[in-house]
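Trainee: Sharing a structure, written as structure tokens. Questions coming.
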Amino acid sequence: MRKMNRGMLTALASIGLAQALKIVTHKRAAGKWDWKQVATTGGMPSSHSAGVAALTTYIAANKGSRHTETALATVFGVIVMYDAQGIRRHTGEIAQLVNDLEDSFAALSGDFPSFEFVEREKELKELLGHQPIEVLGGAILGGTLGFLSAQYENRGK
């Protein structure tokens, strides 16, 4: 029987743990439990960052910092983390503005009966990306798990 790729397993476990931790961090921030946080994008910690940091750290600990696989994982990780706190976060901010604008149009349409405005059934999703601290939190979580996984694996060698 073949073993599953430990680097992949470590990255996926980091993503899962980060998603589970969002329930706890949401409780601390909002004061109430929300189990739906386990399946959301955005929030603390970034599961994207946790996954790529775990994979990169795991590979670096096993192959060394000068190995091509480490370079690939590092570049991939930097792109993912930059995107999570940059483009995806800004897209969420734009969605919030659009939702607010639609609310304003809905309020105005009541004052002007000839103005035909049809409200959407669903608002745009606003929480898409991450604040830089959320990306950092995910990177620290993932880096720690990647290092521990590599140490555990190498302990038996």
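Trainee: Is it the case that Ala20 is under 21 Å from Phe147 (Cα atoms), part of a helix (DSSP H, G or I) and either basic (Lys, Arg) or without any contact (Cβ under 8 Å) to a residue 40 or more places away in the chain (or both)?
Mentor: Details: under 21 Å from Phe147 (Cα atoms): yes; part of a helix (DSSP H, G or I): yes; either basic (Lys, Arg) or without any contact (Cβ under 8 Å) to a residue 40 or more places away in the chain (or both): yes.
Against the criterion (under 21 Å from Phe147 (Cα atoms), part of a helix (DSSP H, G or I) and either basic (Lys, Arg) or without any contact (Cβ under 8 Å) to a residue 40 or more places away in the chain (or both)), Ala20 qualifies.
Trainee: Could you give every pair whose Cβ atoms fall below 8 Å, whose first residue belongs to region 138-150 and is surrounded by fewer than 17 Cβ atoms within 10 Å (Cβ to Cβ), and whose second residue is at pLDDT below 95, counting only separations of at least 6 or pairs across chains?
Mentor: Ile140/Pro45
Trainee: While we're on this one: Just checking, which of Leu101, Leu148, Leu128 is aliphatic (A, V, I, L, M) and at pLDDT 85 or above?
Mentor: On the way: Leu101 fails: at pLDDT 85 or above; Leu128 fails: at pLDDT 85 or above.
Only one candidate qualifies: Leu148.
Trainee: Follow-up. Of everything in region 71-93 that's modelled with pLDDT under 95 and among the hydroxyl-bearing types (Ser, Thr, Tyr), which residue is farthest from Thr40 (Cα to Cα)?
Mentor: Tyr82
Trainee: Being under 24 Å from Arg6 (Cα atoms), touching a helix residue (DSSP H, G or I) at 6+ places or on another chain (Cβ under 7 Å) and either of a type in the set (S, T, N, Q) or crowded, with 16+ Cβ neighbours inside 10 Å (or both) is the requirement here; does Ala84 meet it?
Mentor: no
Trainee: I'd like the full set of residues that are within 30 Å of Val75 (Cα to Cα), at pLDDT below 90 and either in a helix (DSSP H, G or I) or among the polar types (S, T, N, Q) (or both), limited to region 27-58.
Mentor: Hits for region 27-58 are Gln37, Val38, Ala39, Thr40, Thr41.
Trainee: Related question: Given the conditions (1) touching a Leu at 6+ places or on another chain (Cβ under 8 Å); (2) without any contact (Cβ under 8 Å) to a residue 12 or more places away in the chain, which single one is not true for Lys27?
Mentor: For Lys27, the failing item is (1).
The values are calculated or read from the model by the stated rules, or taken from the named source; none is laboratory data. Please read all numbers here as calculations on a predicted model, not as lab measurements. Note: ideal-geometry Cβ built from the backbone for every residue, glycine included; neighbour counts use all protein chains shown.
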